[in-house]
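Sharing a structure below in structure tokens format, with a few things to ask.
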Amino acid sequence: MIRLSEIKLPIDHPPEAIREAAVARLKVAPQDVTSCTVFRRAHDARKKSAILLVYSLDVEVRDEASVLKRFAKDKDVKPAPDLEYRFVARAPEHLATRPVVIGAGPCGLFAGLILAQMGFRPIILERGKVVRERTKDTWGLWRKSILNPESNVQFGEGGAGTFSDGKLYSQIKDPRHLGRKVLTEFVKAEAPPEILTEAHPHIGTFRLVKMVENIRRSIEALGGEYRFQSHVTDLDIEISGDGQRHVRGVVLADGGHIATNHVVLAVGHSARDTFQMLLDRGVYVEAKPFSIGFRIEHPQSLIDKARFGDYAGHPILGAADYKLVHHASNGRGVYSFCMCPGGTVVAATSEEGRVVTNGMSQYSRAERNANSGIVVGITPQDYPGGPLAGVAFQRRWESAAFVAGGSSYAAPAQRVGDFIKGVPSTSLGSVIPSYRPGVTPTDLSPCLPDYAITAIREALPAMGRQLRGYDMADAVLTGVETRTSSPVRVKRDDTLQSLNTKGLFPAGEGAGYAGGILSAGVDGITIAEAVARSMLAG
């Protein structure tokens with residue numbers, strides 16, 4: 001099989017043009033191509049008057065060796081890689097203890113699935129509820145301003161990714177093609193098959209709910225076990241005579257104890273009490289960089305027109321997204337984050353008395369507004385004070401946003417035009433904010449550090465020059481976006497165990513090793529393999 005890349009065709013090409021392009025590119029007779037399938041499809045919208053579709057194709061030809069020899073120096077004509085996933089181990093018939101996975105987000109989900117597929121019968125502990133009940137609790141905040149601190153956007157089956165755009169692409173290095181395993185398992189769980197071929201696939205919240213349930217059923221059918229509303233509050237750590245620390249179990253909020261020598265720590269970036277517990281128990285934790293900012297909303301039609309010109313609304317292209325970066329004069333990097341075409345801004349706090357925003361959209365991406373984070377990079381130098389200083393930093397600004405919004409879980413909001421001028425908003429304009437339970441027009445400048453406000457204020461007009469209309473006066477900023485990634489890293493060694501606590505496998509976004517559904521799933525697979533190897537090694 002030959003992988004043929006960078007095949008560009010007009011957006012409205014006929015179906016047969018794909019095969020014809022492969023024949024022409026390889027300079028073979030049509031009858032010598034025995035099959036031609038699309039591996040990946042993207043689009044090139046740099047020229048709005050002539051948007052192109054860009055394909056990677058898997059082509060079978062007669063005398064493949066001869067064709068590959070002719071194109072030996074062509075980077076776009078290569079042997080197709082082997083994408084088949086192969087398990088690294090199989091569990092013995094009798095296990096002394098079962099592995100425990102803490103967290104049922106994307107990382108914990110795939111750690112549990114791979115361990116189950118290898119026969120290790122994992123126990124998956126989730127502090128929140130099953131996804132359907134969790135959804136009801138989440139809507140309780142959005143519709144009634146009632147927060148359940150243990151069941152919300154951050155906590156519960158599926159993790160924070162369940163209430164997102166469901167993006168399934170990443171820029172991580174993936175030489176083993178583990179991302180393909182993630183996508184394949186999602187398709188088995190009733191995700192749309194096109195996620196296997198789209199360059200920027202997404203699913204959306206409603207479909208993610210069903211998929212999470214289906215993967216749970218697969219894990220249980222293989223001998224895995226879920227325990228919901230099981231909050232891990234402590235680790236049972238044995239210290240040997242030579243000072244080595246070993247996990248021997250986990251302790252639950254109800255006083256229960258589960259004996260195990262292998263714990264996957266797959267908590268999310270908002271498991272702040274868990275971070276504190278790890279620090280208290282002597283597990284090595286360090287502060288790491290993350291980003292803070294606001295959510296910005298525009299009419300989706302404006303973004304479509306700016307990105308696609310006359311092709312705006314074309315069914316193949318769908319709702320347009322964007323990716324923008326500005327390097328501010330005060331040295332700060334400002335960038336768009338977690339862009340949600342045709343989506344909504346959602347209340348994402350997990351703690352009382354705080355306001356946090358995030359973005360979400362459905363598979364259709366059919367809502368009237370586009371939204372994205374517009375965030376500023378920060379480092380531990382901005383919040384000195386120890387491994388958990390970033391948590392305190394986040395809480396400070398989330399509490400300020402709660403007060404600025406009226407202390408009711410309404411979010412503070414400001415028109416972009418007013419924000420750039422430095423004057424409070426007293427009303428909103430043509431862009432109707434989507435955040436629920438509602439917004440309060442105000443001045444956003446007390447809701448972030450001065451350097452962040454200065455950088456974003458400078459970035460908006462600059463980004464308007466990159467994407468026409470981005471700095472439109474009536475666009476809405478809603479605060480605050482503070483949980484772009486974990487503020488800590490639970491460092492691990494070459495065996496993927498904690499630097500100083502054997503048997504503890506930090507994983508995923510909360511531990512500082514992933515960002516988004518796909519990368520978290522890939523890390524979950526990698527961690528499951530490390531756990532299996534460790535268990536077989538004794």
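Give the Debye-formula value of log10 I(q)/I(0) at each listed q (0.09, 0.18, 0.19 Å⁻¹), with one equal scatterer per alpha carbon of segment 149-265, two decimals each.
Each listed q corresponds, in turn, to -0.37, -1.07, -1.11.
Would you give the gap between the C-alpha center of segment 40-104 and the C-alpha center of segment 371-423, rounded to a whole Å?
40
How many percent of Cα pairs in the chain exceed 34 Å?
Details: 61066 of 144453 pairs.
I get 42 percent for the Cα pairs in the chain exceeding 34 Å.
Place the peptides 313-320, 60-67, 385-392, 404-411 in order of packing, highest mean first, counting for every residue the other Cβ atoms within 10 Å and averaging per peptide.
On the way: 313-320: 15.9, 60-67: 13.6, 385-392: 17.5, 404-411: 20.0.
Descending mean neighbour count gives 404-411, 385-392, 313-320, 60-67.
Sticking with this one: Counting Lys and Arg as +1 and Asp and Glu as -1, what is the net charge of the other residues whose Cβ lies under 12 Å from the Cβ of GLU352? All intermediate terms of the calculation are to be shown ahead of the outcome.
Values: positive: ARG354, ARG395; negative: GLU150, GLU351, GLU398.
Once all neighbours under 12 Å are counted, the net charge is -1.
Something else: Project the alpha carbons of segment 289-481 onto their principal axes and report the range along each, largest first, in whole Å.
Result, largest extent first: 52, 35, 32 Å.
Show me, for segment 479-496, the HN-Hα J-couplings you get by feeding each phi into the Karplus relation (A = 6.51, B = -1.76, C = 1.60, θ = phi - 60°), rounded to Hz, glycine and proline as x.
With the stated coefficients, segment 479-496 comes to x, 10, 9, 10, 10, 5, 7, 5, x, 10, 10, 9, 5, 10, 9, 5, 8, 6 Hz.
Right, something else. Looking at this model, which pairs from LYS181/LYS288; LYS8/LYS323; LYS129/LYS491; LYS8/LYS48; LYS27/LYS181; LYS173/LYS491 are more than 24 angstrom apart at the alpha-carbon?
Working: LYS181/LYS288 29 Å; LYS8/LYS323 22 Å; LYS129/LYS491 28 Å; LYS8/LYS48 15 Å; LYS27/LYS181 33 Å; LYS173/LYS491 19 Å.
Correct reply: LYS181/LYS288; LYS129/LYS491; LYS27/LYS181.
Let me ask something else. To the nearest 20 debye, what charge dipole does the chain have about its Cα centre, counting +1 at the Cβ of each Lys and Arg and -1 at the Cβ of each Asp and Glu? All intermediate terms of the calculation are to be shown ahead of the outcome.
Values: 65 positive and 58 negative charges, 136 e Å.
Dipole of the chain, to the nearest 20 debye: 660 debye.
Out of every Cα pair in segment 402-441, what percent are spaced more than 16 Å from each other?
Numbers: 256 of 780 pairs.
For segment 402-441, the share of Cα pairs beyond 16 Å comes to 33 percent.
Let me know the Rg and Dmax you get for segment 232-366 when you use only its Cα atoms, in Å.
Looking at segment 232-366, its Cα Rg and Dmax stand at 22.4, 72 Å.
Which value results for Rg/Rh of segment 2-79 when Rg is the Cα radius of gyration and Rh the Kirkwood radius based on the inverse mean 1/r?
Working: Rg = 12.8 Å, Rh = 12.9 Å.
Ratio of gyration radius to Kirkwood radius for segment 2-79: 0.99.
Taking θ = phi - 60°, what integer Hz values does the Karplus form 6.51 cos²θ - 1.76 cosθ + 1.60 yield along segment 352-363, in sequence order, with x for Gly and Pro?
My calculation for segment 352-363 gives 5, x, 9, 10, 9, 10, 8, x, 8, 8, 8, 4 Hz in order.
Could you run the Karplus curve 6.51 cos²θ - 1.76 cosθ + 1.60 with θ = phi - 60° over segment 284-289 and give me ³J(HN,Hα) per residue in whole Hz, x for Gly and Pro?
5, 9, 9, 6, 9, x
Take LEU499 and THR233, extend 7 Å from each Cα along the Cα→Cβ direction, and tell me the distance between the two endpoints in nm.
Here the answer is 2.9 nm between the modelled labels.
Is the shape of segment 476-527 rounded, prolate or oblate, going by the alpha carbon gyration tensor and its root eigenvalues a ≥ b ≥ c, with a/c under 1.5 for rounded and a/b larger than b/c for prolate?
Working: a/c = 4.75, a/b = 2.02, b/c = 2.35.
It comes out oblate by the Cα gyration axes.
Since every read-out is calculated from the coordinates, none of them should be taken as a lab result. Computed from a predicted model, the values in this text were never measured in an experiment. Heads up, the Cβs are rebuilt from the backbone with ideal geometry, glycines too, and the neighbour counts pull from every protein chain shown.
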